[in-house]
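Below is one structure, written out as structure tokens; comments come after it.
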Amino acid sequence: MTQEEIVKKRQELVHHMFSSTGDEFVRLVLENCRGGVSALTEEMRQRMNGEEFDYKGFPWYKFHVGEPKGKTKKILYFHGGGWVMNSGVAQFAFAEYLAKETGAEIWFPEYPIVPEHNGEEALEMGMALYRQMLQECPGDAIAMGGDSAGGGLAVSVAMQIREEGLGQPNNLFLISPGCNVGGTPRNAEEKAYEDMLLERDAIVSTKGFPTVLDLWKGSTDKDDWRVNPMKGQLKGLPPMLVFAGGHEAMEMGIRQFVEEAIRQDADVVYYVRNGVAHAYVMFYEWAKEERKLIIDRLL
């Protein structure tokens, strides 16, 4: 299959799984998302001078292409996959794009996912890698980003960094982030808007989100910011650049997150492109304007 066909097949699988709930959701995840080979091909690994490491049984990678071109020396990137899937070919391709455009070293964890693991474990791994980064360069030389579920994890990690008083990253770039897993319509207008988005989005359905949140929260409460950053203090985080597609089911929840960030006087910029779907900035090279916004912030 071509890369485009692989991406499309993964998108169709995500929509199928997230249209279900409860035990049926878990069954579909375990049947369809386990036991496969890594999406990182040997060709991609060689192009990016990839190195593989281990954190408590979970692999993570370093990629680098050339020398840093600006202030950002390292990027900690969290892949998407609905909290239930490891990274796909599109995430590795986007990591390669970041490496080429910035010259920064990309740290790319395959963090713990549900149902076997939870967000507490994923946060622990993210923090361990960030602390290791700080041994090599200051926080203001590090950027963090992520797509979908990984975008939400990036925010939780940034919040934990702030809580521990560590040097903050210079930027957070968040592509269709899962920052508001438990987000629900607050009024009839938002309910109608969400219903419209669900009809239009062929990639993500939010119907499975309550099940995901229940699994992702681990031993914490569902309103704990460590697994659901919408519920935490957003002021004092690094500058956030947030993207969403105007036709994605998560747009309402992402918009609520951005509105809350603005209410708390956080540094946030929100970019929505009408007529496009979930995580389009990462998937499609034609999103040149959005990609340039990210790179400009990192240089």
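The values are calculated or read from the model by the stated rules, or taken from the named source; none is laboratory data. Computed from a predicted structure; not experimentally measured. Note: ideal-geometry Cβ built from the backbone for every residue, glycine included; neighbour counts use all protein chains shown.
Among the candidates Phe173, Phe92, Phe108, which residue alone is in contact with a helix residue (DSSP H, G or I) (Cβ under 9 Å, 6 or more places away or on another chain) and part of a helix (DSSP H, G or I)?
That would be Phe92, the only listed residue that is in contact with a helix residue (DSSP H, G or I) (Cβ under 9 Å, 6 or more places away or on another chain) and part of a helix (DSSP H, G or I).
Selection over the range 243-274 of residues that are modelled with pLDDT under 95, of a type in the set (Gly, Ala, Ser) and farther than 25 Å from Leu98 by Cα gives a count of 2.
Name the one entry in Lys235, Lys222, Lys207 that is surrounded by fewer than 17 Cβ atoms within 10 Å (Cβ to Cβ) and assigned to a helix (DSSP H, G or I).
Just a single option satisfies the conditions, and that option is Lys207.
Specify which of the listed residues (Gly70, Gly66, Gly36) is touching a Gly at 6+ places or on another chain (Cβ under 6 Å) and among the small types (Gly, Ala, Ser).
None of the other options fit; the residue is Gly66.
Among the numbered conditions (1) over 21 Å from Leu299 (Cα atoms); (2) of a type in the set (S, T, N, Q); (3) touching a Gly at 6+ places or on another chain (Cβ under 6 Å), tell me where Asn86 comes up short. For Asn86, the failing item is (3). Looking only at residues of the range 251-284 that are in contact (Cβ under 8 Å) with a residue 12 or more places away in the chain and of a type in the set (D, E, K, R), we find that the one that is nearest to Asp147 (Cα to Cα) is Glu251. Val14 fails exactly one of the following numbered conditions: (1) in contact (Cβ under 8 Å) with a residue 24 or more places away in the chain; (2) in contact with a helix residue (DSSP H, G or I) (Cβ under 9 Å, 6 or more places away or on another chain); (3) in a helix (DSSP H, G or I); (4) more than 22 Å from Gln132 (Cα to Cα). What is the number of that condition? Of (1) in contact (Cβ under 8 Å) with a residue 24 or more places away in the chain; (2) in contact with a helix residue (DSSP H, G or I) (Cβ under 9 Å, 6 or more places away or on another chain); (3) in a helix (DSSP H, G or I); (4) more than 22 Å from Gln132 (Cα to Cα), only one is false for Val14: (2). All of His247, His278 fail the test of being of a type outside the set (S, T, N, Q), touching a Lys or Arg at 6+ places or on another chain (Cβ under 8 Å) and surrounded by 20 or more Cβ atoms within 10 Å (Cβ to Cβ), apart from His247. Checking Glu248 against (1) without any contact (Cβ under 8 Å) to a residue 24 or more places away in the chain; (2) not in a helix (DSSP H, G or I): exactly one of these is not met. Which one? For Glu248, the exception is condition (1). The lone criterion from (1) closer than 29 Å to Thr102 by Cβ; (2) touching an Asp or Glu at 6+ places or on another chain (Cβ under 8 Å) left unmet by Ala39 is number (2). Residues that are surrounded by 14 or more Cβ atoms within 10 Å (Cβ to Cβ), in contact with a strand residue (DSSP E or B) (Cβ under 7 Å, 6 or more places away or on another chain) and not β-branched (Val, Ile, Thr) are absent from the range 26-33. Residues that are part of a helix (DSSP H, G or I), free of Cβ contacts under 8 Å to residues at least 40 places away in the same chain and not polar (S, T, N, Q) were ranked within the range 131-146; the one that is surrounded by the fewest Cβ atoms within 10 Å (Cβ to Cβ) is Arg131. Residues that are more than 14 Å from His278 (Cβ to Cβ), in a helix (DSSP H, G or I) and touching a Gly at 6+ places or on another chain (Cβ under 8 Å) within the range 18-33 comprise just one, Phe25.
Return the total of residues in the range 38-70 being over 25 Å from Glu124 (Cα atoms) and not hydroxyl-bearing (Ser, Thr, Tyr).
So the answer is 14.
Among the residues of the range 25-58, those that are touching a helix residue (DSSP H, G or I) at 6+ places or on another chain (Cβ under 9 Å) and within 22 Å of Leu215 (Cβ to Cβ) comprise Phe25, Val26, Leu28, Val29, Asn32, Cys33, Tyr55, Lys56, Phe58. If you go through the range 111-130 and keep only what is outside any helix (DSSP H, G or I) and closer than 20 Å to Asp54 by Cα, you end up with Tyr111, Pro112, Ile113, Val114, Glu116, His117, Asn118.
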